[in-house]
1. Can you confirm whether Asp17 is touching a strand residue (DSSP E or B) at 6+ places or on another chain (Cβ under 7 Å), without any contact (Cβ under 8 Å) to a residue 40 or more places away in the chain and more than 19 Å from Ser96 (Cβ to Cβ)?
2. Could you check region 1-14 and list, in sequence order, the residues that are outside any loop (DSSP other than H, G, I, E, B) and either at positive phi or in contact (Cβ under 8 Å) with a residue 40 or more places away in the chain (or both)?
3. Being at pLDDT 95 or above and in a helix (DSSP H, G or I) is the filter; apply it to region 15-34 and report the residue that is surrounded by the fewest Cβ atoms within 10 Å (Cβ to Cβ).
4. Could you list, in sequence order, all residues of region 75-88 that are surrounded by 14 or more Cβ atoms within 10 Å (Cβ to Cβ) and either hydrophobic (A, V, I, L, M, F, W, C) or touching a residue at least 40 places away in the same chain (Cβ under 8 Å) (or both)?
5. Please determine, by comparing only the residues of region 58-74 that are part of a strand (DSSP E or B) and not small (Gly, Ala, Ser), which one is surrounded by the most Cβ atoms within 10 Å (Cβ to Cβ).
6. Tell me, please, whether a residue that is of a type in the set (A, V, I, L, M), closer than 24 Å to Asp29 by Cβ and either in contact with a helix residue (DSSP H, G or I) (Cβ under 8 Å, 6 or more places away or on another chain) or outside any helix (DSSP H, G or I) (or both) can be found in region 88-99.
7. What residue, among those in region 75-85 that are within 18 Å of His45 (Cβ to Cβ) and part of a helix (DSSP H, G or I), is modelled with the lowest pLDDT?
8. Identify the residue in region 35-54 that is more than 17 Å from Gly66 (Cα to Cα) and basic (Lys, Arg) and, among all such residues, is surrounded by the most Cβ atoms within 10 Å (Cβ to Cβ).
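The values are calculated or read from the model by the stated rules, or taken from the named source; none is laboratory data. It should be emphasised that the depicted structure is a prediction, and the values quoted were computed from it without experimental measurement. Here the Cβ positions follow ideal geometry from the backbone for every residue, glycine too, while neighbour counts run over all protein chains shown.
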Amino acid sequence: YDCYRNLKDYQIRTIIDMHGIIGLCFVSDFLNGTRHATIEDVCKHIEYFFDRFGDDNICLGTDFYGTNHLPKGIKNYENISKIKELLIKKGYSEKSVAKLFYRNYEKFIGV
């Protein structure tokens, strides 16, 4: 979604080239331009990233404590398993989903 707060592809590529990591936030306004985003909108952003840049430099950033405009059905950490379920249903591997959920972040911080 084209939002002034979202990274452009060239910015993403620069972060990847510098071995950085990008946290996908759950602010509805950044996901679809409304305050009524859905889990599907979150998955669209993940799919966009995976399709263009692979699954090595992205993690979930959530923003649970930074916005009141979270996607419908995702209000806390207990709900984010719904993202995993939808990505698996769409055909993404358990390995890619694990990277998104925690492995990429662990690698980035050196755990």
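1. no
2. Answer for region 1-14, where residues must be outside any loop (DSSP other than H, G, I, E, B) and either at positive phi or in contact (Cβ under 8 Å) with a residue 40 or more places away in the chain (or both): Asp9, Ile12, Arg13.
3. The extreme case among them is Asp17.
4. Across region 75-88, the qualifying residues are Ile80, Lys82, Ile83, Leu86, Leu87.
5. The qualifying residue surrounded by the most Cβ atoms within 10 Å (Cβ to Cβ) is Ile58.
6. no
7. It comes out as Asn79.
8. Filtering first and then ranking leaves Lys44.
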